[in-house]
1. Helix 53-68 versus the longest principal axis of the chain: what angle, 0 to 90°, nearest 10, using Cα atoms?
2. Over the Cα atoms of segment 9-58, what radius of gyration and what Dmax do you get, in Å?
3. Would you mind checking the pairs 4/34; 19/57; 13/34; 4/52; 34/71 and listing those with alpha carbons more than 18 angstrom apart?
4. Grab the DSSP H runs of the chain that are 4 residues or longer, score each as -39,500 (n - 2.57), total them, divide by all residues and round the 222 nm result to the nearest 500 deg cm²/dmol.
5. Stick to Cα atoms and the Kirkwood definition of Rh, then tell me Rg/Rh for the chain.
6. Give me 80, 75, 45 ranked fewest to most by other Cβ atoms within 10 Å of their Cβ, as a rough exposure proxy.
Amino acid sequence: MNEKEIATGFVHKVPADLKEILTSNPDVIERWNKLTPVARNEWICWVTIVKKPETRKEHLVRLQEDILIGKKRPCCWPGCPHRRESAKKWFK
């Protein structure tokens, strides 16, 4: 089986647990790769910024569900703070 390329965001790279979700379903990876780099970046940040492992797992499940129904970005997410110059002091 050919391993499909996984498109990334422009600030964040795709972490291993998200790669597993994306590659586990051909429909998910196809829709993921069609998202814009900014949209992919928002999803990656939304998954990785949480502190608790159980919340991260919930975000991974929801990401897969939302992408499959056609959502382009996480709902109720103010956006990746890593892209804002004023927020950079809070993130290493």
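Bear in mind these aren't lab numbers, they're just calculated from the coordinates by the rules spelled out. Since the structure is predicted, the reported quantities are computational estimates derived from the model, not experimental observations. Neighbour counts run over all protein chains shown; Cβ positions are idealised from the backbone, glycine included.
1. 50
2. 10.8, 29
3. Violating the 18 Å Cα-Cα cut-off are 4/52.
4. Calculated at 222 nm, the ellipticity per residue is -15000 deg cm²/dmol.
5. Over the Cα atoms of the chain, Rg/Rh equals 0.96.
6. Lowest count first: 75, 45, 80.
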